[in-house]
Amino acid sequence: MKALILVGGYGTRLRPLTLSVPKPLVEFCNKPILLHQVEALVKAGVDHVVLAVSYMSELLEREMRVQEQRLGIRISLSHEKEPLGTAGPLALARELLNVDNEPFFVLNSDVICDFPFKDLLQFHRNHGKEGTIVVTRVEEPSKYGVVVFETDSGRIHRFVEKPQVFVSNKINAGMYIFNPSMLSRIQLRPTSIEKEIFPVMAEEGQLYAMELQGFWMDIGQPKDFLTGMCMYLQSLRQHAPDRLRTGPGFLGNVLVDPTAQIGENCTIGPNVTIGAGVVGARVRSHSWLESCIVGWSSSVGQWVRMENVTVLGEDVIVNDELYLNGANVLPHKSINESVPEPRIIM
Amino acid sequence: MLKAVILIGGPQKGTRFRPLSFEVPKPLFPVAGVPMLQHHIEACAKVPNMKEILLIGFYQPNEELTRFLMNAQQEFKISIRYLQEYAALGTGGGIYHFRDQIVSGSPEAFFVLNADVSSAFPLTEMLSFQKEHGEPNSFVILGTTANRKQSMNYGCIVENEETNEVLHYVEKPSTFVSDIINCGIYLFNPDIFQHIGAVFQKNQQDMLLEEPTNGWHRAEAIRLEQDIFTALAGQGKLYVYKTLSFWSQIKSAGSAIYASRLYLNQYHKTHPERLASNKEGGPKISGNVYIHPTANIDPTAMLGPNVSIGTGVTIGAGVRVRESIILHGANLQDHCCVLNSIVGWDSTIGRWARVEGTPSDPNPNDPYAKIDSETLFRDGKLTPSITILGKCALTSNESCIPHMNW
C-alpha cells in the first residue's frame, strides 16, 4: 500500500529548531516526527511512502535513504516547485499513487496520535465509498473547522468552518484514506482539500468519518509540541510502561535515552524527555527548567531558571544565574542577560 | 576634648525602609554584617580626644537599642548615651534641646552625624581642615560631588573655590544649583547654639502671633538644613570640606545593599578579619562576603560578591547568593538562587526557588552618580527594585519571586 505525507515547507512555526534541522527530522520523544508516522504506516502494510515537500532538504533526502534500508520500504520525494495548497500535492504525485487499485493514506506531517491506520483501512473497506477522514474530539471546536456526520454510519454531511454556535465537537484530524479514483477530482494547481474537494465528496455521499480513540495533537509549534509530548508519554505509560524511566529522582512520566547521563541530586519529571548524550545538550547543576525545549548541543549554566515555553535552538549557551521566561533563542547564540518577558533572541 | 552626636530619628521616620524597619529600628539594621550605627560609632571612637558619643532620636527605649548601646560601650571603651526627644524635633531641634548635655565638659568642637548614611567618615581630616581654613570658630559641612540630575535630591552647596566658604545653601532645589551635596556629617562648636537659639526664638514669636495650629508644626522643631545652613551661608561662618571617599545615603532597602558593598570593600583596610575567604570544606566565596560565625553553610554553596550572612542562618547545598543581605535565622534550602534581595529574619526560601530583585545601583559609568531612592510606586506601577522578604516569609519550592515586597 501507499501513503502520502504532506511535509510542506520550512516549518517556520517550529523555529528555532527548524533553522537547524528540517521539521520532519526534529525529534519528538527521542524519535524524528516523521519516523513516528512512517513506522506506524509500515505496520499497517504500507511499502511505499511519498513525501510531498515544497522545500528540498539534502539532510532529509539522506535520512530517507537510511530509513528505506532500515524499514525495507520505498520512500520517494515529491517536490512542488510552486505552492499547491493541501490538495495539489496529491495531483503532483498522481503517478506514484495511482499504480494499483489499492486505497492510499494521506496524512499531515504535524500530527501525533496513536495512529489507527489498520482500523482506518478496515473501516474504509467496510463502507466501500471513496474516502474516509479521521476525526478527533476537541474541547473548543469553534477554533477549527468541524465535521458534521452521522454517528452510526460515519457518513459526512458537511463541514463548518469555525462555527459560532455549537454544531459538533469533532474536527478533521489530518489523516485520510482515499481510493485512487478520487485523484481525478484534483487538478494540478493550488487547491484546498478542505474547501474544494471534501465538500463535493460529502455532497455525493462519498466521504466518511472515523472517530479517533486516544490522544491527538498538532505539534507544529513549541507549546503544542510540549503538550503533545505529555500526551504521548501518558500513552506510553498505558501501553509500554517499561520504556519509561522510574526510580528515585524520577517523577511521573519520564523518557530517557540510554546514552544520556544524569547527575546526582537531580529531580526529573513529570513529563520530561531527555535525548541522546552524545550530540546532546547539557544542563548544569542547581538549575530549574519547566516547559522548555533545549536544542542540540546547547548548554545551560548553573542556577539558571527557564520556564514558560522557552525554546533554545542548536548550540545555544545560557550563562549562569540567568532567568529565561518564554525566550525563543536562535541557534549559536550566547545569552548573558536574563529575559524576564517572552521574546525572541536573535 | 571632642564629642559626637548621632541623629537616629524615630519610628515615623525611615518609611522608605519599610517593611524592614517594622522589625528593627532602622539605625540598627545590619549593613555589612554589623548594625548601621556601629560604623558611625567606630569611626567616632577612632578620633583622638573623643570623649563621648550621644545618640539623639525619638525611639522609645527598646531592648535592641539598649543592648546595642551596652555592647558598643564595652567594645569601643567610650561613653555612649541615648537622649530621647519627647517629640520629633528635627535635625536642629534635637541638638538644641540637649545643648547643655552636649556642651557639658566644655568640648572645643563636636561632630553631628546622620545615622542613615554610609561613609568613610573622614572626621580627622575635617578637624585638620577646620583648623587650617577660615575663622577659628567656623562650622564645617562634609560635602561630596553628585551628578547634575541627582544633586537636586540633596542639599546643594555653592562654595567659594579658593576659600571653601559656603556661599549659598539650598535643600532639594527644583532647579540645578550645584553639584556639591551635603553628606549629613558636620563639625560644629558650641557657637552653633546661638544661631539655632535665634531661630528658635523667632519661631516662638511667630507661633504666638498665629492661630493655634494642629500639633504638627512645633516651634521647637528646627531643621539644620533649611533653617540654619541657608541663613549661615555667605556669612563667613560656614565652610565645606569636599571628600572623594565613598558616601551613600541609606534611605531604601536597596540602598542598604549598596551601602553594604561600600563597607565590605572598606573592610580590606579596616577589618580584613570580617571578610570570608575560600577555605577547605567551606563554601565558594567570590568577592567581598561577610559570614557571621554562627551561620551554617553547606560547602557546595556559592556566595558573593557583596553578600552579608547574619547570625544562625542556614544555607543548604548548591545555594547561590549574590548582592544580597540574609538576616538572622533565615533558612535557604538546597539549590535556591537569591540575587539582589534582602531575606528577612527567620524566613525560609524553598528548594530550587529563585528570589531576584532589580538592583537600583548608581550608574557605574558615572563616578558621581548616587543611588536613587525611588518611591515604592510610580504612575500606579510598582517600581522595579530589590526584592525584600520581611520577617518569617516562606517561599515554596521551585517558585520564582521577582522584585516584590512581602
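The values are calculated or read from the model by the stated rules, or taken from the named source; none is laboratory data. Small disclaimer: the values here were computed from a predicted structure and weren't measured. Cβ coordinates were reconstructed from backbone atoms using ideal geometry, including for glycine residues, and neighbour counts include every protein chain displayed.
Each row is one residue, and each column tells you yes or no for (1) at pLDDT below 85; (2) under 22 Å from the mean Cα position of the chain (by Cα).
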| position | (1), (2) |
| --- | --- |
| A:123 | no, no |
| A:127 | no, no |
| A:131 | no, no |
| A:134 | no, yes |
| A:152 | no, no |
| A:156 | no, no |
| A:163 | yes, no |
| A:170 | no, yes |
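Here is a yes/no grid of residues against (1) of a type in the set (Phe, Trp, Tyr); (2) within 22 Å of the chain's Cα centre (by Cα):
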residue	(1), (2)
B:224	no, yes
B:229	yes, yes
B:237	no, no
B:245	no, yes
B:254	no, yes
B:265	no, yes
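Can you name the residue in region A:303-321 that is touching a helix residue (DSSP H, G or I) at 6+ places or on another chain (Cβ under 8 Å) and β-branched (Val, Ile, Thr) and is also farthest from the other protein chains (Cβ to nearest Cβ) among such residues?
A:311
Can you confirm whether region A:255-270 contains a residue that is hydrophobic (A, V, I, L, M, F, W, C), farther than 21 Å from residue A:29 by Cβ and either more than 14 Å from every other protein chain (Cβ to nearest Cβ) or more than 24 Å from the chain's Cα centre (by Cα) (or both)?
Looking for residues that are hydrophobic (A, V, I, L, M, F, W, C), farther than 21 Å from residue A:29 by Cβ and either more than 14 Å from every other protein chain (Cβ to nearest Cβ) or more than 24 Å from the chain's Cα centre (by Cα) (or both), one finds none in region A:255-270, hence no.
Would it be correct to say that residue B:1 is touching a strand residue (DSSP E or B) at 6+ places or on another chain (Cβ under 7 Å), surrounded by fewer than 18 Cβ atoms within 10 Å (Cβ to Cβ) and aliphatic (A, V, I, L, M)?
In short, yes.
How many residues, within region B:323-337, are facing chain A (nearest Cβ under 10 Å) and crowded, with 22+ Cβ neighbours inside 10 Å? Let's see the steps before the verdict.
Start the filter on region B:323-337 by keeping residues that are facing chain A (nearest Cβ under 10 Å), which leaves B:334-337.
Add one more test, that the residue is crowded, with 22+ Cβ neighbours inside 10 Å, and what stays is B:335-337.
Going through region B:323-337 one residue at a time, the tally reaches 3.
Answer yes or no as to whether residue A:284 is in contact with a Cys (Cβ under 9 Å, 6 or more places away or on another chain) and among the basic types (Lys, Arg).
When the stated conditions are applied, residue A:284 does not pass them.
Looking at this structure, is residue A:283 at pLDDT 95 or above and within 14 Å of chain B (Cβ to nearest Cβ)?
No, not satisfied.
When residues of region A:233-283 are filtered for being within 23 Å of residue A:321 (Cα to Cα) and outside any loop (DSSP other than H, G, I, E, B), how many remain?
5
Got a sec? Which of B:194, B:249, B:226 is modelled with pLDDT under 90 and either assigned by the TED database to the domain that holds residue B:326 or polar (S, T, N, Q) (or both)?
The match here is B:226.
Can you pull out every residue in region A:26-38 that is over 18 Å from residue A:3 (Cα atoms) and among the aliphatic types (A, V, I, L, M)?
A:26
Taking region A:259-311, which residues are touching a Ser or Thr at 6+ places or on another chain (Cβ under 9 Å), polar (S, T, N, Q) and closer than 25 Å to residue A:336 by Cβ?
A:285, A:291, A:302, A:308, A:310
Restricting the first residue to region B:132-161 and requiring it to be assigned to a helix (DSSP H, G or I), which pairs with a second residue that is among the acidic types (Asp, Glu) and surrounded by 16 or more Cβ atoms within 10 Å (Cβ to Cβ) meet a Cβ separation below 6 Å and a spacing of at least six or different chains?
B:148/B:179; B:151/B:179
So how many residues does region A:289-301 have that are away from every other protein chain (no Cβ under 13 Å) and assigned to a strand (DSSP E or B)?
Residues that pass the stated criteria total 5.
Only one of A:332, A:286 is outside the structural domain of residue A:15 (by the TED database), in a loop (DSSP other than H, G, I, E, B) and in contact with a strand residue (DSSP E or B) (Cβ under 8 Å, 6 or more places away or on another chain); which?
Only one candidate qualifies: A:286.
Going through region A:141-166 one residue at a time, which ones are surrounded by fewer than 16 Cβ atoms within 10 Å (Cβ to Cβ), touching a residue at least 40 places away in the same chain (Cβ under 8 Å) and basic (Lys, Arg)?
Of everything in region A:141-166, just one residue is surrounded by fewer than 16 Cβ atoms within 10 Å (Cβ to Cβ), touching a residue at least 40 places away in the same chain (Cβ under 8 Å) and basic (Lys, Arg), namely A:158.
Which pairs have Cβ atoms under 6 Å, sit 6 or more apart or on different chains, and link a residue in region A:289-301 that is assigned by the TED database to the domain that holds residue A:313 to one that is crowded, with 22+ Cβ neighbours inside 10 Å and of a type in the set (Val, Ile, Thr)?
Filtered contacts from region A:289-301: A:292/A:310; A:293/A:311; A:298/A:316; A:300/A:283; A:300/A:318; A:301/A:318.
Taking region A:322-346, which residues are within 13 Å of chain B (Cβ to nearest Cβ) and either within 20 Å of residue A:272 (Cα to Cα) or out of contact with any Leu (no Cβ under 8 Å at 6 or more places or on another chain) (or both)?
Result: A:322, A:323, A:324, A:325, A:326, A:340, A:341.
When the residues of region A:53-98 are filtered to those that are in contact with a Pro (Cβ under 7 Å, 6 or more places away or on another chain) and under 13 Å from residue A:188 (Cβ atoms), which remaining residue is surrounded by the fewest Cβ atoms within 10 Å (Cβ to Cβ)? If you could, list the steps in order and put the result at the bottom.
Going residue by residue through region A:53-98, those that are in contact with a Pro (Cβ under 7 Å, 6 or more places away or on another chain) are A:54, A:57, A:59-60, A:78, A:80, A:83-85, A:88, A:97-98.
If we keep only those that are under 13 Å from residue A:188 (Cβ atoms) too, we end up with A:78, A:80, A:83-85, A:88.
On the way: A:78: 21, A:80: 20, A:83: 11, A:84: 21, A:85: 16, A:88: 21.
My answer is A:83.
Scan region B:52-80 residue by residue and report those that are farther than 21 Å from residue B:106 by Cα and in contact (Cβ under 8 Å) with a residue 24 or more places away in the chain.
Taking region B:52-80 first, the residues farther than 21 Å from residue B:106 by Cα are B:57-76.
B:57, B:58, B:59, B:60, B:62, B:64, B:65, B:68, B:72, B:76 - these are the residues of region B:52-80 that are farther than 21 Å from residue B:106 by Cα and in contact (Cβ under 8 Å) with a residue 24 or more places away in the chain.
Among residues belonging to region B:338-365 that are among the hydrophobic types (A, V, I, L, M, F, W, C) and outside any loop (DSSP other than H, G, I, E, B), point out the one that is nearest to the other protein chains (Cβ to nearest Cβ). It would help to see each step written out before you state the result.
Our first condition is that a residue be among the hydrophobic types (A, V, I, L, M, F, W, C); within region B:338-365, this holds for B:338-339, B:342-343, B:345, B:349, B:352-353, B:355.
Now narrow it down to the ones that are outside any loop (DSSP other than H, G, I, E, B): B:338-339, B:342-343, B:349, B:355.
Values: B:338: 10, B:339: 7, B:342: 18, B:343: 16, B:349: 13, B:355: 11 Å.
So, considering only residues that are among the hydrophobic types (A, V, I, L, M, F, W, C) and outside any loop (DSSP other than H, G, I, E, B), the one nearest to the other protein chains (Cβ to nearest Cβ) is B:339.
Looking only at residues that are part of a strand (DSSP E or B) and of a type in the set (D, E, K, R) in region A:303-317, which one is surrounded by the fewest Cβ atoms within 10 Å (Cβ to Cβ)?
A:307
From the residues in region B:306-319 that are within 12 Å of chain A (Cβ to nearest Cβ) and either touching a residue at least 40 places away in the same chain (Cβ under 8 Å) or under 19 Å from residue B:294 (Cα atoms) (or both), which one is farthest from the chain's Cα centre (by Cα)?
For region B:306-319, the residue satisfying everything is B:317.
Can you tell me which condition residue A:208 does not meet? The list is (1) of a type in the set (Ser, Thr, Tyr); (2) surrounded by fewer than 21 Cβ atoms within 10 Å (Cβ to Cβ); (3) part of a strand (DSSP E or B), and all the others hold.
(2)
Can you confirm whether region A:99-106 contains a residue that is buried (at least 21 other Cβ atoms within 10 Å of the Cβ) and either under 29 Å from residue A:258 (Cβ atoms) or without any contact (Cβ under 8 Å) to a residue 12 or more places away in the chain (or both)?
no
Quick one: count up the residues across region A:167-182 that are under 21 Å from residue A:1 (Cβ atoms) and crowded, with 16+ Cβ neighbours inside 10 Å.
Start the filter on region A:167-182 by keeping residues that are under 21 Å from residue A:1 (Cβ atoms), which leaves A:173-182.
Pick out the ones that are also crowded, with 16+ Cβ neighbours inside 10 Å and you get A:173-180, A:182.
Residues flagged as under 21 Å from residue A:1 (Cβ atoms) and crowded, with 16+ Cβ neighbours inside 10 Å within region A:167-182 amount to 9.
Yes/no matrix, rows are residues, columns are (1) buried (at least 18 other Cβ atoms within 10 Å of the Cβ); (2) at pLDDT 90 or above:
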residue	(1), (2)
B:15	no, no
B:24	yes, no
B:28	yes, yes
B:53	yes, yes
B:80	yes, yes
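Looking only at region B:288-298, decide whether some residue is farther than 30 Å from residue B:90 by Cα and within 14 Å of chain A (Cβ to nearest Cβ).
Scanning region B:288-298, I find at least one residue that is farther than 30 Å from residue B:90 by Cα and within 14 Å of chain A (Cβ to nearest Cβ), so the answer is yes.
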